[in-house]
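The values are calculated or read from the model by the stated rules, or taken from the named source; none is laboratory data. For clarity, every value in this text was computed on a predicted model and none was experimentally measured. Because the Cβ atoms are built from the backbone with ideal geometry, glycine has one as well, and the counts that use them run over all protein chains shown. The area values use the complete protein model at the heavy-atom level, side chains included, leaving out ligands, DNA and RNA. Shrake-Rupley method; radii C 1.70, N 1.55, O 1.52, S 1.80 Å.
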Amino acid sequence: MVVSLVATAFWAMLPAYVPNNVAVLAGGGRPIDAGRTWNGARLLGDGKTWRGTAVGTLAGTLLALALNAVRDPVVAATGIEALPTFSLAAGFALAFGAMLGDIGASFLKRRSGRERGAAFPGLDQLDFVVGAMACALVADPAWFLATFTPRVIAAVLLITPLLHITTNVIAFKIGVKNEPW
Ligand code: CTP
Ligand code: MG
């Protein structure tokens, strides 16, 4: 069933969706690269901070635990049995991996001459998905393989860019983000 598949993909990825949005609100303070440059461009740039990364990771991890707490009632109400429960390792890895993927994308943006805030279509929408899934696979392989079946991965790759574009446009319109991507 399509609804069940999309709901499962969304639920499994929620701990990875939230960190970057929380980082937008929590960001500020010292940049991770401490101003260092490489070949004349910043290593990461002022948009990747210790505080944003830490608070974003914490928020995503706590969200995974909160989802565990409400899973059974949600399954009872919706009948969607496939909603996963998160191991602590998986929840943390999804959140931290999402932040790492976004940091990796900034690294690639700076290497390709893009200033802070520049768009990099494709990379902007999927960097954190790749980071989150790769980290979850390493942190808890059994959980990853049971949760991210090929069908669920396909659903994630379809819904994530749509969700990403929507939330960023909203964040831009309400004035918490400088660019709509
Ligand atoms: N942010 C942060 N730490 C992170 C990720 C994001 O502090 N690890 C905060 C920063 O304040 C950043 C804002 O969230 O400016 C928006 O994030 P993003 O769009 O990823 O950064 P940009 O400023 O656009 O920089 P870049 O071009 O490197 O993506
Ligand atoms: Mg940006």
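What's the number of the only condition in (1) in a helix (DSSP H, G or I); (2) open to solvent by 20 Å² or more (accessible area, probe 1.4 Å); (3) in contact with a Lys or Arg (Cβ under 6 Å, 6 or more places away or on another chain) that residue 151 fails to meet?
For residue 151, the failing item is (3).
Count, please, the residues in the range 57-67 that happen to be touching a helix residue (DSSP H, G or I) at 6+ places or on another chain (Cβ under 7 Å) and either surrounded by 16 or more Cβ atoms within 10 Å (Cβ to Cβ) or of a type in the set (Lys, Arg) (or both). Walk me through it before giving the result.
Taking the range 57-67 first, the residues touching a helix residue (DSSP H, G or I) at 6+ places or on another chain (Cβ under 7 Å) are 57, 59-61, 63-65, 67.
Of the ones still in play, those that are also either surrounded by 16 or more Cβ atoms within 10 Å (Cβ to Cβ) or of a type in the set (Lys, Arg) (or both) are 57, 59-61, 63-64, 67.
Of the residues in the range 57-67, 7 are touching a helix residue (DSSP H, G or I) at 6+ places or on another chain (Cβ under 7 Å) and either surrounded by 16 or more Cβ atoms within 10 Å (Cβ to Cβ) or of a type in the set (Lys, Arg) (or both).
I need a count of the residues in the range 110-130 that are crowded, with 21+ Cβ neighbours inside 10 Å and touching a residue at least 60 places away in the same chain (Cβ under 8 Å).
So in the range 110-130, the residues crowded, with 21+ Cβ neighbours inside 10 Å come out as 110, 127-129.
Now restrict to residues that are touching a residue at least 60 places away in the same chain (Cβ under 8 Å): 110, 128-129.
The number of residues fulfilling the criteria is 3.
Can you find a residue that is within 16 Å of the chain's Cα centre (by Cα), closer than 20 Å to residue 22 by Cβ and not in a helix (DSSP H, G or I) anywhere in the range 76-92?
Among the residues of the range 76-92, at least one is within 16 Å of the chain's Cα centre (by Cα), closer than 20 Å to residue 22 by Cβ and not in a helix (DSSP H, G or I), which makes the answer yes.
Any residue in the range 154-181 that is farther than 22 Å from residue 15 by Cβ and free of Cβ contacts under 8 Å to residues at least 60 places away in the same chain sitting within a Cβ distance under 7 Å of a residue that is assigned to a helix (DSSP H, G or I) and β-branched (Val, Ile, Thr)? List the pairs, counting only those 6 or more apart or interchain.
180/169
In the range 41-54, which residues are buried (at least 18 other Cβ atoms within 10 Å of the Cβ) and part of a helix (DSSP H, G or I)?
52, 53
Out of curiosity, is residue 105 within 16 Å of ligand 2 (Cβ to nearest atom) and under 18 Å from the mean Cα position of the chain (by Cα)? Break it down stepwise before answering.
Working: within 16 Å of ligand 2 (Cβ to nearest atom): yes; under 18 Å from the mean Cα position of the chain (by Cα): yes.
Yes: the conditions hold for residue 105.
Answer yes or no: is there a residue in the range 139-153 that is touching a helix residue (DSSP H, G or I) at 6+ places or on another chain (Cβ under 9 Å) and within 16 Å of ligand 2 (Cβ to nearest atom).
no
Among (1) buried (at least 21 other Cβ atoms within 10 Å of the Cβ); (2) within 15 Å of ligand 2 (Cβ to nearest atom), which single condition is residue 133 missing?
The one condition residue 133 does not meet is (2).
Could you identify the single residue in 27, 97 that is surrounded by 23 or more Cβ atoms within 10 Å (Cβ to Cβ) and within 14 Å of ligand 1 (Cβ to nearest atom)?
Testing whether each residue is surrounded by 23 or more Cβ atoms within 10 Å (Cβ to Cβ) and within 14 Å of ligand 1 (Cβ to nearest atom) leaves just 97.
So which of 6, 70 ends up being free of Cβ contacts under 8 Å to residues at least 24 places away in the same chain, β-branched (Val, Ile, Thr), open to solvent by 30 Å² or more (accessible area, probe 1.4 Å) and more than 15 Å from ligand 1 (Cβ to nearest atom)?
On the way: 6 fails: free of Cβ contacts under 8 Å to residues at least 24 places away in the same chain.
None of the others qualify; the one that does is 70.
Which of (1) at pLDDT below 95; (2) more than 15 Å from ligand 2 (Cβ to nearest atom); (3) surrounded by 14 or more Cβ atoms within 10 Å (Cβ to Cβ) is the odd one out, the single condition residue 168 does not satisfy?
All conditions pass for residue 168, except number (2).
Residue-by-condition table, conditions (1) more than 22 Å from residue 158 (Cα to Cα); (2) of a type in the set (Lys, Arg):
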| position | (1), (2) |
| --- | --- |
| 1 | no, no |
| 11 | no, no |
| 34 | yes, no |
| 48 | yes, yes |
| 51 | yes, yes |
| 57 | yes, no |
| 93 | no, no |
| 112 | yes, no |
